[in-house]
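Here is the structure we will look at.
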Amino acid sequence: MPTSPLISAAALRTLLDSGAPLMVFDCSFDLMQPTAGAQHYAQAHIPGAVYVHLEHDLSAPHGTGDQAASGGRHPLPSRERFAAWLGRTGFSNAMQAVVYDRNGVNYCGRLWWMLKWAGHEAVSVLDGGLQAWEAAGGAVRAGPEAAPPSALFQLHPPRRTLASAQQVLERLQQASQTVVDARAAPRYRGEVEPLDPVAGHIPGALNRPFQSNMDAEGRFKPAEVLRAEWEALLAGRAPESVVHQCGSGVSALPNLLAMEIAGLGKTTLFAGSWSEWCRDPQRPVARG
């Protein structure tokens, strides 16, 4: 089964036609209108796709303690909780996953990473999202889909690395860690902060807004372009030292994906991100 980070619309159509064990996930969402993603899915989605809600399915409820694997506005559920959800959704270890959204990979990257974190290798992001699927002549369907039968998903050793706020703090501004902030530049600089109680960024963090990885059509830039841009940003820092963060651990994932597409290897996610970091007044804050 394909394990490349990306799959094209044409390749997805071939995969669907082949009858291979496959589940397609629609992760469309809108932070400012949390019901909008489900509404958009109801209007049009790839036939057979399962809708995934960022806050209900890919985040742990606040205050659930050991059921959460991170802090922040969108705390990661524990691996065990996530595996149970996958099974209820009908996804098994024998299946290929293809994830997409209509938001520039801002949300489907979360599910891609979580599946890797659960030890599942066969997962790809639909490059260009639903827009690319439709532009290539792919059919869409409105309304609900029949719920697939439940399955068993068994956890395997994580294939991607998660960092805690304490780990980031302990390595702050050391050569062994390069924090990359995926938020828009004004939020990174601390000029505005629409979502979290404190403005600014983690001291020493570099800024690479996640949209920088995309071309005008919403697809990832070619690997060689991404590699040149990331190497310029890192300026000699080791790619393997990178820890990705954003506001709540969601929009950092296009940056992490871009580094893998560029051939720069597997890097680390700080899922709690700024929303977890800034809530402890003992943690340092930088601006500018």
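The values are calculated or read from the model by the stated rules, or taken from the named source; none is laboratory data. Source: prediction; values computed, not measured. Methodologically, a virtual Cβ is constructed for each residue, glycine included, from the backbone with ideal geometry; neighbour enumeration extends over all protein chains shown.
When THR178 is tested against the conditions (1) of a type outside the set (Lys, Arg); (2) more than 17 Å from the chain's Cα centre (by Cα); (3) surrounded by fewer than 19 Cβ atoms within 10 Å (Cβ to Cβ); (4) modelled with pLDDT of 95 or more, the lone failure is (3). PRO186 passes every criterion in (1) surrounded by fewer than 18 Cβ atoms within 10 Å (Cβ to Cβ); (2) touching a helix residue (DSSP H, G or I) at 6+ places or on another chain (Cβ under 7 Å) apart from (2).
In this structure, is PRO157 at pLDDT below 95 and out of contact with any Asp or Glu (no Cβ under 8 Å at 6 or more places or on another chain)? Show your work before the answer.
On the way: at pLDDT below 95: no; out of contact with any Asp or Glu (no Cβ under 8 Å at 6 or more places or on another chain): yes.
So PRO157 fails the test.
Looking only at the stretch 236-284, which residues are farther than 21 Å from LEU169 by Cβ and among the polar types (S, T, N, Q)? Residue satisfying the conditions is SER251 alone.
Within the option set LYS221, LYS266, being surrounded by fewer than 22 Cβ atoms within 10 Å (Cβ to Cβ) and closer than 19 Å to TRP117 by Cβ holds for one residue only, LYS266. Looking at PRO209, PRO222, PRO194, which one is within 23 Å of CYS108 (Cβ to Cβ) and at pLDDT below 95? After ruling out the rest, the residue left standing is PRO194. The residues of the stretch 24-39 that are at pLDDT 95 or above, of a type in the set (A, V, I, L, M) and out of contact with any strand residue (DSSP E or B) (no Cβ under 8 Å at 6 or more places or on another chain) amount to a single one, ALA36.
Yes/no matrix, rows are residues, columns are (1) modelled with pLDDT under 95; (2) closer than 30 Å to THR14 by Cα; (3) among the β-branched types (Val, Ile, Thr); (4) in contact with a strand residue (DSSP E or B) (Cβ under 9 Å, 6 or more places away or on another chain):
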residue: GLN43; (1), (2), (3), (4): no, yes, no, no
residue: LEU58; (1), (2), (3), (4): no, yes, no, yes
residue: GLY65; (1), (2), (3), (4): yes, no, no, no
residue: ARG73; (1), (2), (3), (4): yes, no, no, no
residue: ARG79; (1), (2), (3), (4): no, no, no, no
residue: TRP85; (1), (2), (3), (4): no, yes, no, yes
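Within the stretch 233-262, the set of residues being over 21 Å from GLY104 (Cα atoms), among the small types (Gly, Ala, Ser) and in a loop (DSSP other than H, G, I, E, B) comprises ALA235, GLY236, ALA238.
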